[in-house]
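First the structure, in the form of structure tokens, and then the observations on it.
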Amino acid sequence: MWPYPKLLAHRGGGILAPENTLAALRAGARAGYRAVEFDVMLAADAVPVLMHDEHFGRTVAGTGRVAATPSVVLAQMDAGSWFGPAFAGEPVALYRDAVDYCRENGLWMNVEIKPAQGAGSKTGEVVAALTRQWLGADGSGGVLFSSFSIIALQAAQAIAPDIPRGLLVRALPDDWQELMASLQAFSLHIADAGLSEAIVQQVRAAGYPVFCYTVNSRRRARQLSGWGVDAICTDRIDRIAADFA
Ligand code: G3P
Ligand code: MG
């Protein structure tokens, strides 16, 4: 059901490097991971960058919004110091550079489309169009989009219907089957806390692989795998060996 790697490094490199940076992707690859999840948001000039939070303050110092900052400025901002002095000066990564790195290093990508408030449609559209352009028709096996934003997924579906989509949820919504069908979604991505064996069975019986985030213990990863969960993403790339599954 899931022809992709079963284990993904969350935000690129889990706990080993500052999230959503090229350093994180390098850490994931170095740990032997063959697949990564990372978050993508648009800068003010509609250039996609790797970023989780809409506002500065956590991984990038200061105040302000990613969506109000041009990508050339973002690409000079320090997204590494918060994590540790060894990563001081590690810049905010451009999506383009992340895609290139993943392709060059054989990393399969779960691109989480993470729109800023009100930018769902535009973000889905731009990320899908650029991904399609960069990867070409033959490269779409190397990427899967996911998002909490239905609007972003709909936009991606319209622009690049052949790039698979995962519906991302914290818990299973009542109308999940209608949503999956209308999005022509490939997989369901659900939080560990929102998951039960019955849900795994129900979703898989409907023909959809189940992806679970964020699983940080080996024991839990094994249990989920036993339930039939198809893929997990983890921060503990130091603890859960890349060849776990
Ligand atoms: O895609 C799974 C996971 O990354 C969703 O949560 O907040 O870590 O982006 P978050
Ligand atoms: Mg994410």
Query raised in the report: What are the residues in the range 116-144 that are within 14 Å of ligand 2 (Cβ to nearest atom) and in contact with a Gly (Cβ under 7 Å, 6 or more places away or on another chain), if any?
Result: L144
Query raised in the report: Tally time: how many residues in the range 199-245 are open to solvent by 20 Å² or more (accessible area, probe 1.4 Å), over 21 Å from L172 (Cβ atoms) and touching a strand residue (DSSP E or B) at 6+ places or on another chain (Cβ under 7 Å)?
Result: 4
Query raised in the report: Among the listed residues V40, V72, V126, which satisfies the condition of being in contact with a helix residue (DSSP H, G or I) (Cβ under 8 Å, 6 or more places away or on another chain) and modelled with pLDDT of 95 or more?
Result: V40
Requested in this report: Just name the residue that is nearest to I190 (Cα to Cα) out of those in the range 155-169 that are within 16 Å of ligand 1 (Cβ to nearest atom) and of a type outside the set (A, V, I, L, M).
Outcome: G166
Report task. Take R26 and decide whether it is under 17 Å from the mean Cα position of the chain (by Cα) and over 28 Å from Y208 (Cβ atoms). Result -> yes
Report summary line: When every residue in the range 62-87 that is surrounded by 12 or more Cβ atoms within 10 Å (Cβ to Cβ) and in contact with a Gly (Cβ under 7 Å, 6 or more places away or on another chain) is compared, the one nearest to A119 (Cα to Cα) is D78
Query - Candidates R103, R132, filtered to the one that is basic (K, R), at pLDDT 95 or above and either under 17 Å from Y4 (Cα atoms) or crowded, with 21+ Cβ neighbours inside 10 Å (or both) - result: R103
Query - Qualifying residues in the range 177-198 (those that are more than 14 Å from ligand 1 (Cβ to nearest atom) and farther than 19 Å from L144 by Cα) - the one most open to solvent (accessible area, probe 1.4 Å) - result: E178
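Table: residues versus (1) outside any helix (DSSP H, G or I); (2) among the hydroxyl-bearing types (S, T, Y); (3) more than 15 Å from ligand 1 (Cβ to nearest atom).
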| position | (1), (2), (3) |
| --- | --- |
| G89 | yes, no, yes |
| V99 | no, no, yes |
| N110 | yes, no, no |
| A116 | yes, no, no |
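The values are calculated or read from the model by the stated rules, or taken from the named source; none is laboratory data. Computed from a prediction, not measured in an experiment: that's the story for all the values here. Note that we place each Cβ from the backbone using ideal geometry, even for glycine, and neighbour counts take in every protein chain shown. For accessibility, only protein heavy atoms count, side chains too; no ligands or nucleic acids. Shrake-Rupley method; radii C 1.70, N 1.55, O 1.52, S 1.80 Å.
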